[in-house]
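The values are calculated or read from the model by the stated rules, or taken from the named source; none is laboratory data. Computed from a predicted structure; not experimentally measured. Counting neighbours? That spans all protein chains shown, and the Cβs are built from the backbone with ideal geometry, glycine included. The area values use the complete protein model at the heavy-atom level, side chains included, leaving out ligands, DNA and RNA. Shrake-Rupley method; radii C 1.70, N 1.55, O 1.52, S 1.80 Å.
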Amino acid sequence: MTIRHAETTDFSWLNEHDKWISAEILKRKIQQKEVFVVLENGELIGWLRYNLFWDNIPFMNMLYFLEAYRQKGFGRKTVRFWENEMKEKGFENVLTSTLSNEEAQHFYRKIGYKDIGGFNYLDEPLEIIFHKSI
């Protein structure tokens, strides 16, 4: 397993698989090194992208793996990698969120994230906000 910053050569694959972000914003996030890709045997299998909430707290926007690579420890390792990168940059806290009807909430709690609130956006289920000190 290899985790690294996404490169411009990863754009096509990411743009094909990441349906939650526009191509223009994805390009910018790759340039700003806010996307990590995960490879197994040289093949792209997933990614993590983030931004800065309130311009000073790393917020993981997306952690995603192709179906065949889920529940095999890749997510846990990728989040730890990201947390270490954020710690090296001087951050002490990180945030993420997930919908209350998604299984991801259990994953985040299992790896040390704590519920700190939530909100309803339009007609979506409750969005749960998670925090972790790193």
- Can you tell me how many residues in segment 1-17 are part of a strand (DSSP E or B) and under 15 Å from the mean Cα position of the chain (by Cα)? 3
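Could you please find all residues in segment 23-50 being touching a strand residue (DSSP E or B) at 6+ places or on another chain (Cβ under 6 Å) and part of a strand (DSSP E or B)?
Taking segment 23-50 as the starting set, the residues that turn out to be touching a strand residue (DSSP E or B) at 6+ places or on another chain (Cβ under 6 Å) are 29, 33-39, 44-50.
V35, F36, V37, V38, L39, L44, I45, G46, W47, L48, R49, Y50 - these are the residues of segment 23-50 that are touching a strand residue (DSSP E or B) at 6+ places or on another chain (Cβ under 6 Å) and part of a strand (DSSP E or B).
Would you call I25 farther than 19 Å from R109 by Cβ and either open to solvent by 50 Å² or more (accessible area, probe 1.4 Å) or without any contact (Cβ under 8 Å) to a residue 60 or more places away in the chain (or both)? Spell out the reasoning first.
Details: farther than 19 Å from R109 by Cβ: yes; either open to solvent by 50 Å² or more (accessible area, probe 1.4 Å) or without any contact (Cβ under 8 Å) to a residue 60 or more places away in the chain (or both): yes.
Spelling it out, I25 is indeed farther than 19 Å from R109 by Cβ and either open to solvent by 50 Å² or more (accessible area, probe 1.4 Å) or without any contact (Cβ under 8 Å) to a residue 60 or more places away in the chain (or both).
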- Item | Hits in segment 30-49 (condition: in contact with a Leu (Cβ under 9 Å, 6 or more places away or on another chain) and either under 24 Å from I129 (Cα atoms) or in contact (Cβ under 8 Å) with a residue 40 or more places away in the chain (or both)) | E34, V35, F36, V37, V38, G46, W47, L48, R49
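Out of all the residues in segment 56-76, is one or more closer than 18 Å to I21 by Cβ, in contact with a Gly (Cβ under 9 Å, 6 or more places away or on another chain), touching a residue at least 24 places away in the same chain (Cβ under 8 Å) and among the small types (G, A, S)? Write out each step before concluding.
Step one: list which residues in segment 56-76 are closer than 18 Å to I21 by Cβ, which gives 58-66.
Okay, now just the ones that are also in contact with a Gly (Cβ under 9 Å, 6 or more places away or on another chain), so 63-66.
After this cut, where a residue has to be touching a residue at least 24 places away in the same chain (Cβ under 8 Å) as well, the list is 63-66.
So of that shortlist, the ones also among the small types (G, A, S) come out as none.
Checking segment 56-76: not a single residue is closer than 18 Å to I21 by Cβ, in contact with a Gly (Cβ under 9 Å, 6 or more places away or on another chain), touching a residue at least 24 places away in the same chain (Cβ under 8 Å) and among the small types (G, A, S).
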- Could you please let me know if K72 is basic (K, R) and farther than 23 Å from T9 by Cβ? yes
- Item | Considering residues of segment 51-61 that are part of a strand (DSSP E or B) and of a type in the set (S, T, N, Q) only, the residue surrounded by the most Cβ atoms within 10 Å (Cβ to Cβ) | N61
- Message: So W20 ticks every box in (1) in contact (Cβ under 8 Å) with a residue 12 or more places away in the chain; (2) closer than 16 Å to S133 by Cα; (3) not in a helix (DSSP H, G or I) but one. Which box is left unticked?
- Response: (2)
